[in-house]
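Some notes on the structure that comes next.
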Amino acid sequence: MSNQVKTMAQNHLPMNPNHKNFLVGLLFMLVGVLFLAVIIPTQIGTAGDFSFGLPPDFFPKIIGWIIVMLSAVFMIQSLLKNRELLQTLPGELQRVSKTIDIVIIRNVVVVFVTCLLYYFLLQISSFIIISPIFIFLLGIFLSLGNKATVKKRIILVFTLAIVTTAVVFYAFEYLLHVKLP
């Protein structure tokens, strides 16, 4: 086998699971930092009466820090399991960025656009109407590669959409006493 063929074969081998774990940890680290630095300060106010002595952004900040810490632990574990990752990481990140499948990019874009659409539709309609539609459409889209029959998949996703919406609505309205839009 020539060197060129060996190089091509090596470039298309599946990524080491420790490399994937590191990249997932890095992604969640970025999400946690974004959550702490941008989303909480712009979306949660701190003015008002603190009846319980805690500001409204207290628990969201705890969740943000938990995300950051757990992703750091995940990244450190992947580095400890595979020491060669430390030497190959820059090249590995370049290889991954070049070989990302177009289907993955399409799925991410569709989910992101659907979430934005859900957010804006929630401003003009109610949770109980928009949520099952959102869950159903995303469920059907994300299960397109599934080998189950179309009728069976539609019934399953429809049931999941209705039950999930009902459980979330009941939990927030009656157990937590939080009004949903």
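Distance between the modelled labels on Met69 and Cys115, one decimal in nanometres: 2.4 nm (7 Å Cα→Cβ projection). With both labels modelled 7 Å from their Cα along Cα-to-Cβ, the Ile124 to Phe141 distance reads 1.8 nm. Computed from label points 7 Å out along Cα-Cβ, the spacing between Lys61 and Val38 is 2.1 nm. Applying 1/(1 + (r/R0)^6) with r as the Cβ-Cβ distance of Val108 and Thr159 and R0 = 30 angstrom yields a FRET efficiency of 0.70. Extension gain for Lys151-Leu175 works out to 5.2 nm (0.36 nm per residue, less the C-alpha to C-alpha distance).
Bear in mind these aren't lab numbers, they're just calculated from the coordinates by the rules spelled out. What you see is a predicted model; the values in this text were computed from it and never measured. Backbone-built Cβ (ideal geometry, glycine too); neighbour counts: all protein chains shown.
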